[in-house]
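Please read the structure below before turning to the comments.
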Amino acid sequence: MEPLALYIHWPFCLAKCPYCDFNSHVRERIDQARFAAALRAELAWEAARLGRRPLASIFFGGGTPSLMDPATVAALIADATRLFAPVPDLEITLEANPTSVETTRLAAFRAAGVNRLSLGVQALDDVSLAALGRKHSAAQAIAALETARALFPRLSFDLITARPGQTLPAWRAELRQALALAADHLSLYQLTIEPGTAFEALHRQGKLVLPDDDAAAALYDATGEEAARFGLLAYEVSNYARPGAESRHNLQYWRYGDYAGIGPGAHGRITLGGALLATRRHRAPEPWAERVEREGHGSTEETPVEAPDRAREALLMGLRLSEGIDAVRFAARTGVALDDALEPDTLARAIEAGYLAREGSRLLATPEGRKRLDALLAALAR
Ligand code: SF4
């Protein structure tokens, strides 16, 4: 049976960052008990229909899950490991922001069973952190990294690149400082302007200027070089890890495995009754909770994913990985032979240009191909 990854969404944040278009909400007061009960109820509902599948990972994402009551995290872990069949090295990740308040709670999350922390460092200079609207300082981020390093067997941190005014030497220095503190896993986010965000309005008014494509590409190349110095390899377009420290949860998405999504706005792809279902929960927190209280779940949509869409999705995800796509697994998961999912002329040209390569039964994007993956995929997918 396909192992399952479980995603649990905590939708609340202390403040809305000006670049963020995630499903995150700010409330004066959060009814922790109500949302804990609703998450546990929805998890039980999902588990009842999925059966006792092998569980490979649990991921608490958000929002800011480090604002959750650690007792809720412990209860959800206990529920999930009872309702599913956890693999021996079950990965349990929690995303945390490095404000001092949240850092004081890290030991409680570790005691609750979290064994991998993903820290939203974003930058290590105070000017950038203020410009990004973050609630923590560089010193607090460093303190959080040090505390987390001592507590968690596995540690990842996020940084944002292509920030306004960012220079190559400053970025290299910042990366080295962060990698020296926590060199297991790095997730890199390129700052982009998303519709409906505060940054979009500033950008439209000409008050926010991002580095151009060449400068952003140079920052990206420098990231790979600096990460490699610390033994972290680019195993995905924006993720770097020491061998063995890759995010097993995210590998499940990129390898097009099953994942169940619990909580407001959470998405899932689950195999049920021989079909692959795309699932989606109600996005707004309170209506989601009301629906769970009324019906046991907050689902708004459950749609079978047909073979051509499965093939397209598996292609989009799989070519992000440096390991690429295994043709045998691709056919088994999607019902479509890998070559039938590809435009043959584009494939031949991309291989000729050195953007794609075949290695045995695998098709993969080369480092040069991964830099232009969106354009490549747009032409490649049938
Ligand atoms: S903390 Fe994260 S999820 Fe919350 S608003 Fe900021 S970027 Fe978005």
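Please report the relative contact order for the chain, taking Cα pairs under 8 Å with a sequence separation of at least 6, and give it as a percent rounded to a whole number.
15 percent
Give the residue from Pro70, Cys20, Ile30 lying farthest towards the positive end of the charge dipole for segment 1-91; charges sit on Cβ (+1 for Lys and Arg, -1 for Asp and Glu) and the dipole is referred to the Cα centre.
The residue sitting most towards the positive pole is Ile30.
Kindly give Rg over Rh for the chain, based on alpha-carbon atoms, with the Kirkwood expression for the hydrodynamic radius.
Radius of gyration relative to Kirkwood radius: 0.95.
Could you list, bin by bin from short to long, the percent of Cα-Cα pairs of segment 338-382 in 10 Å steps?
Percent of pairs per bin, in order: 30, 64, 6.
Using the Karplus equation 6.51 cos²θ - 1.76 cosθ + 1.60 (θ = phi - 60°), what ³J(HN,Hα) coupling, rounded to whole Hz, does each residue of segment 54-65 give in order, writing x for Gly and Pro?
The phi angles translate into x, 10, 9, 7, 10, 10, 8, x, x, x, 10, x Hz.
What percent does the relative contact order of segment 68-170 come to when contacts are Cα pairs within less than 8 Å and at least six residues apart?
Normalised by residue count, the contact order of segment 68-170 is 29 percent.
Where the centre of each part is set by its Cα atoms, how far does segment 91-127 sit from segment 173-222, in angstrom?
The two parts, judged by their Cα centres, are 21 Å apart.
Looking at segment 279-381, which trypsin sites (Lys or Arg not before Pro) are in a loop (DSSP not H, G, I, E or B) and have at most 14 other Cβ atoms within 10 Å?
Within segment 279-381, the qualifying trypsin sites (Lys or Arg not before Pro) (loop, at most 14 other Cβ atoms within 10 Å) are Arg372.
With a 1.4 Å probe and every protein chain kept in, tell me what percent of the accessible surface of the chain is carbon plus sulfur.
55 percent
Please tell me the relative contact order of segment 198-268 in percent, rounded to the nearest whole number, where contacts are Cα pairs under 8 Å and at least six residues apart.
Computed value for segment 198-268: 12 percent relative contact order.
Under the √(5λ) rule applied to the eigenvalues of the Cα gyration tensor, what semi-axes describe the equivalent ellipsoid of segment 157-289? Give them in Å, descending. List each step's numbers first, then the result.
Values: eigenvalues 198, 114, 29 Å².
Over the Cα atoms of segment 157-289, the ellipsoid semi-axes are 31, 24, 12 Å.
At a Cα cut-off below 20 Å, give the lysines reachable from Lys207, other chains included and same-chain residues fewer than 8 away excluded.
Hits, sequence-local ones excluded: Lys16.
What GluC sites (Glu not before Pro) does segment 269-306 have in DSSP loop regions with at most 14 other beta carbons within 10 Å?
Passing sites in segment 269-306 are Glu306.
Rounded to the nearest 20 Debye, what is the dipole magnitude of the chain about its Cα centre when Lys and Arg each give +1 and Asp and Glu each give -1 at the C-beta?
So the dipole magnitude of the chain works out to roughly 720 debye.
Using a 1.4 angstrom probe, figure out how much accessible area the chain has per residue, in square angstrom, rounded to the nearest whole.
Result: 42 Å² of accessible area for each residue.
Suppose we keep just the DSSP beta bridges with both residues in segment 114-247; what percent of those would be antiparallel, to 5?
Here the share of antiparallel DSSP bridges comes out near 35 percent.
Which percent, to the nearest 5, of DSSP beta bridges fully inside the chain are antiparallel? If you can, show how the numbers build up before the last one.
Working: 26 of 60 bridges.
The answer is about 45 percent antiparallel.
Enumerate by residue number the trypsin sites (Lys or Arg not before Pro) in segment 168-257 meeting two conditions: DSSP loop (anything except H, G, I, E, B), and at most 12 other Cβ atoms within 10 Å of the site's Cβ. Spell out each step's value before the answer.
On the way: sites: Arg172, Arg176, Arg204, Lys207, Arg229, Arg248, Arg255; in loops: Lys207, Arg255.
Passing both the DSSP loop test and the Cβ count: Lys207.
Lone cysteines in the chain, defined as no other cysteine's Cβ under 4.7 Å from theirs: which are they?
Cys13
The values are calculated or read from the model by the stated rules, or taken from the named source; none is laboratory data. Computed from a predicted structure; not experimentally measured. Note that each Cβ is placed from the backbone with ideal geometry, even for glycine, and that neighbours are counted across all protein chains shown. Only protein heavy atoms, including side chains, enter the accessible area calculation; ligands, DNA and RNA are left aside. Shrake-Rupley method; radii C 1.70, N 1.55, O 1.52, S 1.80 Å.
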